[in-house]
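Some notes on the structure that comes next.
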């Protein structure tokens, strides 16, 4: 990812995530977790399902015994909060390109947490991490006009950096939306223009090609039906507080998000797009790299 690409990514992040913390708080769960939840039972509330998802990633990296953890694309800090307040991790670093998210996390003053408004392409840590979590950021790494080879190159750069940042025994827990039974040409113009401009989804094949020789895939789960349910829950909550949302951001923005949530739920339910949860461990010395 070069400088112009990083600048476009920052602009795209701001376009979507800097609409306003108060707006998102109307329809997200209490932790402001803006990514696919993980249901364990049909009776789970959104709050419970989001806690299950956060615990999944924290367990995957061994947060309970970690001394330092990096969260790439940290959102409003739900992972950072649990790292520092629940698992008492001494050093928890979050990267975000959203000004509003960074300000929100800083205001919470989580003990041992540091939030940086910085891209993973520019970040240079002073020491390695025992684990890395990245939820809902991978979708923003490539541009819509990037050919597959360029996308794989960008993704491989990300995996190389993560491998170099991990301490021995460290693990990367990655969650991303991915194209499934749909080509890029069939992607919604509305989504690419009005919701996530200058962003493109990966395919599972592109992810594995980029990670080949760098990371071992320990586990993979497709949670697309969980995401269809999550989008439905968000839409229901937004509908219940629509008047407040309109007062905050105006009717056009609210209508745009309502359409986005409806189309997203449909895409996941139909299998057009998937939700990948990947646990990856770096290969040790002696394994090939290309």
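Could you identify the single residue in 58, 70 that is under 16 Å from the mean Cα position of the chain (by Cα), surrounded by fewer than 24 Cβ atoms within 10 Å (Cβ to Cβ) and closer than 22 Å to residue 168 by Cα?
58
Identify, please: which residue in region 68-100 is at pLDDT below 95 and outside any loop (DSSP other than H, G, I, E, B) and is, among those, farthest from residue 122 (Cα to Cα)? Break it down stepwise before answering.
Keep residues of region 68-100 that are at pLDDT below 95, which gives 97-100.
Filter once more, so that each one left must be outside any loop (DSSP other than H, G, I, E, B): 99-100.
On the way: 99: 17, 100: 20 Å.
Among them, the one singled out is 100.
Quick check on this structure: which one of 124, 150 is in a helix (DSSP H, G or I) and surrounded by fewer than 24 Cβ atoms within 10 Å (Cβ to Cβ)?
Among 124, 150, only 150 is in a helix (DSSP H, G or I) and surrounded by fewer than 24 Cβ atoms within 10 Å (Cβ to Cβ).
Restricting to region 101-121, and then to whatever is touching a helix residue (DSSP H, G or I) at 6+ places or on another chain (Cβ under 6 Å) and within 23 Å of residue 178 (Cβ to Cβ), can you tell me which residue is surrounded by the most Cβ atoms within 10 Å (Cβ to Cβ)?
Taking the candidates together, the pick is 119.
Test residue 137 against the stated conditions and say whether it is crowded, with 23+ Cβ neighbours inside 10 Å, touching a residue at least 60 places away in the same chain (Cβ under 8 Å) and in contact with a strand residue (DSSP E or B) (Cβ under 9 Å, 6 or more places away or on another chain).
So residue 137 fits the description; yes.
Scan region 31-52 for residues that are under 14 Å from residue 83 (Cα atoms) and either in contact with a strand residue (DSSP E or B) (Cβ under 7 Å, 6 or more places away or on another chain) or part of a helix (DSSP H, G or I) (or both) and report the count.
The qualifying residues number 1.
The values are calculated or read from the model by the stated rules, or taken from the named source; none is laboratory data. Please read these numbers as outputs of a predicted model, since none were measured by experiment. When we count neighbours, we look across all protein chains shown, and the Cβ atoms used for this are built from the backbone with ideal geometry, even at glycine.
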